[in-house]
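Peer 1: I'd like to ask you about the structure that follows.
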Amino acid sequence: MDMLGFGLNAGVLTSARSTRRGFACSRWRMDYSLESKERLDVLFGEEGQGEVTAKYKFGLKVSGDKSKEVFQTIFGEFKKNAKFPGFRKGQVPPFMKPKIVSFALEEVLADSLTYAIETSNLKKCEGQAFVPEYDPKVNDMRKDFKPGEDLSFSVEIACVEDTSAPSSAEETSEAEAASEN
C-alpha cells in the first residue's frame, strides 16, 4: 500500500516530488513568503556557545500559483501511470481527486517549511523534535484547501541555530565585502 492507501505505485509520488523540486528552489522567492519569524524558547544550548536548539514560529504564505502548479504536477504524474479497474488507462477516477489535493497540500506545506528554515539560516532538527505544529491544523487546512488559492498558516518547529561568534576569517571576508561596496 502507498501513503494514500490505494496501492498505487510509490514511484509516481516520488517522481512528481523530485522532478518538481529541481526547479522549485530557484523560484521560491515568488512562490512562498515568510511573513513572520519568532524564536519562542531555547530548548538546548546557550547563546554564544555554538549551536542552540530553539523552537521557532514561522508565519508563511503560499501563492495560489504555486499550489496550483504542485497540484497539476502531481495530477499529471497520476494520469501518466493511472490503472484503475473500470477506467481507461490514464483516467483518474473522481474519488481520487480529493486524495491528490491532500497530497498536494502536504507537498506545499513541506516545501514552504523548508523554504522558511533555509532562508532563516537555520538547520532542521532530527527525530521527534522536528515534528511541526501547524496552525490551523493540517486536517482543518485539508477541508479548506483549493489549488490556485493563496494559503496562509503558521508553524512551530524546533531548529538549530549557530550562535557562536564569527571566526576571524569570516569577519575579514565581511569587511572586504563591505569595503568593495
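Peer 1: Sorted by accessible area (1.4 Å probe), largest first, how do Glu38, Glu126 line up?
Peer 2: Glu126, Glu38
Peer 1: Can you run phi through the Karplus equation (6.51, -1.76, 1.60; θ = phi - 60°) for the stretch 134-142 and list ³J(HN,Hα) in whole Hz, with x for Gly and Pro?
Peer 2: Calculated HN-Hα couplings, in order: 8, 9, x, 4, 4, 4, 5, 5, 4 Hz.
Peer 1: Of the cross-linked pairs Lys97/Lys123; Lys57/Lys97; Lys79/Lys143, which ones have a Cα-Cα span greater than 28 Å in the structure shown?
Peer 2: Lys97/Lys123; Lys57/Lys97
Peer 1: Right, something else. Around Phe58, under 10 Å between beta carbons, what's the net of Lys plus Arg minus Asp minus Glu among the other residues?
Peer 2: Neighbour charge sum, excluding Phe58 itself: -1.
Peer 1: Regarding the stretch 47-167, what whole-number volume in Å³ per residue does the convex hull of its Cα atoms give?
Peer 2: Here the figure is 134 Å³ per residue.
The values are calculated or read from the model by the stated rules, or taken from the named source; none is laboratory data. If you're wondering where the values come from, they're calculated on a predicted model, not measured in any experiment. Neighbour counts run over all protein chains shown; Cβ positions are idealised from the backbone, glycine included. Note: areas computed on protein heavy atoms with side chains; ligands, DNA, RNA excluded. Shrake-Rupley method; radii C 1.70, N 1.55, O 1.52, S 1.80 Å.
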